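Taking it in order: structure first as structure tokens, then the write-up.
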Amino acid sequence: MQFDNTRIAIRDRDLLDVLDLSLQVIRAYLGPWLIAGLAGAVPFVVLNWWLLHTLPMRSTPADQSLYVCLMVLLVAWELPLAGAPLTAYFGKALFIQRPSARQLIREVTGSLPQLFLFQGLLRGIFFLPAIWLGELWWLMIFVAWIPFVSWPYLNEVILLERNPLAAGRGRMSSWQRSQNLHEGTRGAQLGRWMTFLVMGGLLTASLAGLVWFLRGLFTNRWGYDDAVWQFVVPAAMWIVAAFFTVARYLSYLDLRIRREGWEVELQIRAEGERLARQVG
């Protein structure tokens, strides 16, 4: 790995810089972003359709709101697992121009036990009551504070830092490393999460509205039928989720730079690699 030859400048950034850089990264890696995003999202798109397609959506606005709330909760719960291929890809692409598909598959599958344990089962403790009740305010109370604020970068720790499940031999476990990384940053993470939440809602509504408008323009079908709720709205949610997966990864880099001086560590490791090659 070329520790001092990164594809982006390793320096601290504010939130707007992170979002702007996310767009630039996606533009530069549009093909891999689409492929990795689809690889992670498609299984959950099918699962969510199977779980929710029988719900009534035309009866009343309350039915439509319930459907959207349940879809939001499911996407938010599934996002760490669905975003794992994207996180693994950009974690490598930062240092390696073209990481192989075999390498990425091996690393993602090797991390699946911890991802299922922490991001599936543990997060499910907070999501299941909200999904069962179908109320969005449960999302605000439980989901916002616990998974998204207390350990927002646990995916990056598991996939990229490769800590073991249990501590041993001088190495922290993934959970210990996550707690150490996030310590003292909960207030900042809450503010960042609220910004992402508002922007994500606006972007999702804009994308869904654009598709609805284009469909009406070309087909003269202006109603909000089942196709809009079952296909257009979820597609918009997953596109926005893929964008914020990149933003979350870049936010993780920013946190490591601010808390740990990661850019200095990379320079030292690069010098060590060069010295080792010269001696060898």
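Values quoted throughout were computed directly from the atomic coordinates according to the rules given, and no laboratory measurement underlies them. None of these values were measured; they are calculated from a predicted model. No Cβ is skipped: glycine too gets one built from the backbone with ideal geometry, and neighbour counts run over all protein chains shown.
If I histogram all Cα-Cα distances within segment 150-214 using bins 5 Å wide from 0, what percent of pairs lands in each bin? Bin by bin from 0 Å, the calculated values are 3, 16, 17, 14, 12, 11, 9, 7, 5, 3, 1, 0. Stretching Leu214 away from Phe231 to a fully extended chain increases their span by 4.7 nm, per 0.36 nm per residue minus the current alpha-carbon distance. Peptides 146-153, 170-177, 214-221 ranked from most to least packed give 146-153, 170-177, 214-221, packing being the mean of other C-beta atoms within 10 angstrom over each peptide's residues. Eigen-decomposition of the gyration tensor built on the alpha-carbon atoms of segment 15-70 gives equivalent ellipsoid semi-axes of 33, 17, 7 angstrom, largest listed first. Expressed as a whole percent, the proportion of Cα-Cα pairs in segment 193-255 lying more than 15 Å apart is 56%. Sorting 20-30, 76-86 by average packing, meaning the other beta carbons within 10 Å per residue, from highest down gives 76-86, 20-30. 3J(HN,Hα) along segment 12-24: 6, 9, 7, 4, 5, 5, 4, 5, 5, 5, 4, 5, 5 Hz, from the Karplus curve 6.51 cos²θ - 1.76 cosθ + 1.60 with θ = phi - 60°, whole Hz, x for Gly and Pro.
For segment 146-235, the dipole from Cβ point charges (+1 on Lys and Arg, -1 on Asp and Glu) about the Cα centre works out to 300 debye, to the nearest 20.
Here segment 15-274 is treated as a Stokes sphere of Kirkwood radius computed over C-alpha pairs; at 37 °C and 0.692 mPa s its diffusion coefficient rounds to 167 µm²/s.
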